């Protein structure tokens, strides 16, 4: 009896220990499975959220209006302010309110002699506008304007025939350095390319405008 009772106690104790170990293993496995399941769900949800964010960003980008056209600095082109328009000869033609002629001359590119560029010359009366057109860039760069009549107005309606006080008021709207004498007013860049715009005066009024741009 004692032997059996002792064996029974040992057996019960052994069974209890086994049950505790089994419960511990089951709880550990359940926790691991729960963690794995959560990770799997997070991995499935994450791409969905990511794709939703991408879609939202794409829709936002599509809804954003396009910005205003690039504006040229005043001394970069005192006739036209819109960069896209400055690449078209028609934009210059539309600014001239008198008869004019157009000449085109092929010239050698100063950096690549094998490449031919073009100089366009617009003449109206005694006035001349020269535009340099590099063949490889599609640009149309204003390099010289010698204006002796009111056949064309610059930006802000500056033109031959206007009075000196009005000219000074208009020039102050631009970021330029102004030099003034009795016979001329010169607008130059505060810094940067060596461009200049000269207004020649006679009897207190502008009788000639000469622009010299920088073309590399």
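Pick out the one residue from 63, 44, 95 that is out of contact with any strand residue (DSSP E or B) (no Cβ under 6 Å at 6 or more places or on another chain) and either under 28 Å from residue 147 (Cβ atoms) or modelled with pLDDT under 50 (or both).
Working: 44 fails: either under 28 Å from residue 147 (Cβ atoms) or modelled with pLDDT under 50 (or both); 95 fails: out of contact with any strand residue (DSSP E or B) (no Cβ under 6 Å at 6 or more places or on another chain).
After applying the criteria, what remains is 63.
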Exercise for the section: Within segment 151-171, identify whether any single residue is closer than 19 Å to residue 74 by Cβ, part of a strand (DSSP E or B) and modelled with pLDDT of 95 or more, and answer yes or no. Expected result: yes
- prompt: Can you spot a residue in segment 116-133 that is at negative phi, modelled with pLDDT under 95 and not in a strand (DSSP E or B)?
  reply: no
All-but-one check, residue 73 against (1) surrounded by 10 or more Cβ atoms within 10 Å (Cβ to Cβ); (2) in a loop (DSSP other than H, G, I, E, B); (3) modelled with pLDDT of 95 or more, failing number (3)
### Query
Before we move on, is residue 132 farther than 16 Å from residue 197 by Cα, surrounded by 11 or more Cβ atoms within 10 Å (Cβ to Cβ) and touching a helix residue (DSSP H, G or I) at 6+ places or on another chain (Cβ under 7 Å)?
no
Only one of (1) at pLDDT below 95; (2) part of a strand (DSSP E or B); (3) in contact with a helix residue (DSSP H, G or I) (Cβ under 7 Å, 6 or more places away or on another chain) does not apply to residue 188, and that is (3)
Practice item. Inspect all residues belonging to segment 99-111 and state whether any of them is at pLDDT 95 or above and assigned to a loop (DSSP other than H, G, I, E, B). Key: yes
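For the condition in contact with a strand residue (DSSP E or B) (Cβ under 8 Å, 6 or more places away or on another chain) and closer than 29 Å to residue 207 by Cβ, what is the one hit in 79, 107?
Values: 107 fails: closer than 29 Å to residue 207 by Cβ.
Exactly one residue qualifies, and that residue is 79.
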Within segment 193-213, is there a residue that is farther than 17 Å from residue 79 by Cα, within 26 Å of the chain's Cα centre (by Cα) and either surrounded by 11 or more Cβ atoms within 10 Å (Cβ to Cβ) or modelled with pLDDT of 95 or more (or both)? yes
Checked pairs for segment 187-198, first farther than 16 Å from residue 173 by Cβ, second surrounded by fewer than 16 Cβ atoms within 10 Å (Cβ to Cβ) and at pLDDT below 85, C-beta under 7 Å and 6 or more apart or across chains, list as 193/214; 194/214; 195/214
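Could you please let me know if residue 142 is over 20 Å from residue 89 (Cβ atoms), in contact with a strand residue (DSSP E or B) (Cβ under 7 Å, 6 or more places away or on another chain), modelled with pLDDT of 95 or more and not in a loop (DSSP other than H, G, I, E, B)? Explain how you work it out, then say what you get.
Values: over 20 Å from residue 89 (Cβ atoms): no; in contact with a strand residue (DSSP E or B) (Cβ under 7 Å, 6 or more places away or on another chain): yes; modelled with pLDDT of 95 or more: yes; not in a loop (DSSP other than H, G, I, E, B): yes.
No, not satisfied.
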Result of the Cβ filter at 6 Å on segment 88-113, keeping first residues that are within 16 Å of residue 137 (Cβ to Cβ) and partners that are at pLDDT 95 or above and part of a loop (DSSP other than H, G, I, E, B), at least 6 apart or interchain, is none
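The values are calculated or read from the model by the stated rules, or taken from the named source; none is laboratory data. All of these numbers come straight from a predicted model, not from anything done at the bench. Glycine also receives a Cβ, built like all others from the backbone with ideal geometry; neighbour counts cover every protein chain displayed.
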